């Protein structure tokens, strides 16, 4: 019995299967288009935020959520590393554009809020990518829009006589509403630029219970 116990080999344990989704390589063209889209959104938003509609809203709230759509599409197709690369390149472009077209305070607020919100959006999206297709973009956009609004309005207008608190509340409400609206183009563009079927299934299929 002792000899048998010593000679018996322990049962082999199969290595855990990898469930990491496969991502497409970020091409120079995709990088350029994404960065230009980010820069255009920041440029337009920094101009529009200086034009209030009323005591609850400025025009900038309607353009900025597109930045989260771009980030989420890059994250889904090319992965979080590529999305962070786009975010930092977009940040560099945002700094140049903000210094050119905005006041120093708005430029500082815009750039700080942009990179903080983008990095949060990428992290949250990546954590939730294996759930239902709509969960990652809506939760990531909600978290990042809240952070972006808090940072931007606090730095740009805190201490001023302007109704910046109500502007911030209206800004966030519009961003969240547009975030829900942008789920439709997100899904449509996801189908159009989807990776190979096996990788896409691994990245987007909800876990079975």
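The values are calculated or read from the model by the stated rules, or taken from the named source; none is laboratory data. These figures come from a predicted structure and were not determined experimentally. Cβ placement follows ideal geometry from the backbone for every residue including glycine, while neighbour counts extend to all protein chains displayed.
Numbers below:
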{"quantity": "Members of the stretch 100-120 found to be surrounded by 18 or more Cβ atoms within 10 Å (Cβ to Cβ) and more than 20 Å from residue 85 (Cα to Cα), listed by number", "calculated": "102, 106, 107, 109"}
{"quantity": "Residue in the stretch 126-141 that is surrounded by the most Cβ atoms within 10 Å (Cβ to Cβ), counting only those that are in a helix (DSSP H, G or I) and over 8 Å from the mean Cα position of the chain (by Cα)", "calculated": "136"}
{"quantity": "Criterion (over 20 Å from residue 123 (Cα atoms), surrounded by 13 or more Cβ atoms within 10 Å (Cβ to Cβ) and either at pLDDT 85 or above or out of contact with any helix residue (DSSP H, G or I) (no Cβ under 9 Å at 6 or more places or on another chain) (or both)) met by exactly one of 170, 179", "calculated": "170"}
{"quantity": "Filter result for the condition that a residue is more than 20 Å from the chain's Cα centre (by Cα), exposed (fewer than 15 other Cβ atoms within 10 Å of the Cβ) and either at pLDDT below 90 or more than 30 Å from residue 23 (Cβ to Cβ) (or both), over 160, 154", "calculated": "160"}
{"quantity": "Conditions (1) surrounded by fewer than 24 Cβ atoms within 10 Å (Cβ to Cβ); (2) in contact with a helix residue (DSSP H, G or I) (Cβ under 6 Å, 6 or more places away or on another chain); number of the one not met by residue 123", "calculated": "(2)"}
{"quantity": "Test: residue 144 is within 30 Å of residue 103 (Cα to Cα) and part of a helix (DSSP H, G or I)", "calculated": "yes"}
{"quantity": "Answer residue from the stretch 188-209, given it is assigned to a helix (DSSP H, G or I) and surrounded by 13 or more Cβ atoms within 10 Å (Cβ to Cβ) and is modelled with the highest pLDDT among those", "calculated": "189"}
{"quantity": "Leading residue by the ranking (nearest to residue 178 (Cα to Cα)) among those in the stretch 66-86 that are over 9 Å from the mean Cα position of the chain (by Cα) and either at pLDDT below 90 or crowded, with 24+ Cβ neighbours inside 10 Å (or both)", "calculated": "76"}
{"quantity": "Residue 145 vs. criteria in contact with a helix residue (DSSP H, G or I) (Cβ under 9 Å, 6 or more places away or on another chain), within 14 Å of residue 116 (Cα to Cα), crowded, with 17+ Cβ neighbours inside 10 Å and modelled with pLDDT of 90 or more", "calculated": "yes"}
{"quantity": "Some residue of the stretch 16-30 being crowded, with 21+ Cβ neighbours inside 10 Å and modelled with pLDDT of 90 or more", "calculated": "no"}
